[in-house]
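Encoded as structure tokens, the structure appears first; notes follow it.
All of the numbers you see were taken from the coordinates with simple rules; none came from a lab. Since the model is a prediction, treat every value here as computed from it, not as a measurement. Here the Cβ positions follow ideal geometry from the backbone for every residue, glycine too, while neighbour counts run over all protein chains shown.
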Amino acid sequence: MATGLSIHIGLNQVEPSKYDGWSGDLNACEQDANDLAQLAEKSRFTVTDPLLTRAATADAVISAMNAAAQQLVSGDILLLTYSGHGGQVPDLNHDETGDRLDETWVLYDRQLVDDELYELFGKFAKGVRILVTSDSCHSGSVAKDLPQILSPRELGKRFNTEKPDEVVKRIRVMPLPVQSKAYKKDRTAYDEIQRTHTAKDLAQIDASVLLISGCQDNQTSADGLVNGLFTSTFLDVWSLGSFDGSYRKFHREILKKMPPDQTPNLFQAGTPNTAFARQRPFTI
């Protein structure tokens, strides 16, 4: 019988001393992690203790992933969820052909570079399914313009405020000035990570990875009072397990409920597995 294992990460803030004084305060990320852990438990996954804020360090995330890779075998499934800020560091191993920036998860003590995450995926056995949800964003340039793009009514509806400064604080992305300062502060460490890790596009991944992210790379993800906008919609479509359909249908139904400037992405990596995308979500 197949095994389902889940790891849930949610950060309502980060350690300011690691990010040049920026604490990255958010409202709903811990709740996102807890609610998705509850969903996983009801779907009969073995749920590891959620990694919340101070516990969500880079070492803790890497350790949890390594432990899962050692445990899961062909036919098993890992559910990995992240809720928090997205960030970017300069791409030094040239796997990003567009903006020359590597995307990151902004963990409590440092950023986890996408090359690291893909290397962790590569440690899983062939035949393992990995489902990743990421309620975060990476487009700092779009984030700063959003208050000018949306009407006050839409800002109030989505962010519970019409004040531009408050809106920016409620977007799940590390501001560009902070990205620059954080990278310069620990440039040696981030450059070493890329020097010692294979570019994500060249990573050998035998497992099958299905990623549902909160928005496109050039968009932003909104925080909320209870859940992030993407996670809230995700849970609404799942409807306590009454949803009937495939991952692709699940993604389409989420899209229908999201605003046009935050369109969740469905992306596959690793070994192709068309049957995975056709399964009912959270099938073990």
Spacing of the two label points (7 Å from each Cα toward its C-beta) at F267 and S239, in nm
3.0 nm
If you count, for each residue, the other Cβ atoms within 10 Å and average over each peptide, how do 61-68, 106-113 line up from highest to lowest?
106-113, 61-68
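For T274 and Q38, calculate 0.36 nm times their separation in residues minus their Cα-Cα distance, and state this gained length in nm to one decimal. Could the numbers behind the result be given before it?
On the way: separation 236, 0.36 × 236 = 84.96 nm, distance 2.73 nm.
That works out to 82.2 nm of additional length.
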Could you list Y118, Y183 in order of exposure, starting from the residue whose Cβ has the fewest other Cβ atoms within 10 Å?
Y183, Y118
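State the extension gain, in nm to one decimal, for the chain segment bounded by R187 and N27, taking 0.36 nm per residue of separation less the distance between their alpha-carbons.
On the way: separation 160, 0.36 × 160 = 57.60 nm, distance 2.91 nm.
Stretched fully, the R187-N27 segment lengthens by 54.7 nm.
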Can you sort S74, S239 so the residue with the fewest Cβ neighbours within 10 Å comes first?
S239, S74
Any chance you could run the full-extension gain for T283 through Q204? It's 0.36 nm times the residue separation minus the Cα-Cα distance, nm to one decimal.
25.9 nm
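Provide V209, V132 in ascending order of the number of other Cβ atoms located within 10 Å of each residue's Cβ, fewest first. Walk me through the numbers on the way to the answer.
Values: V209 24, V132 19.
With the fewest neighbours first, V209, V132 line up as V132, V209.
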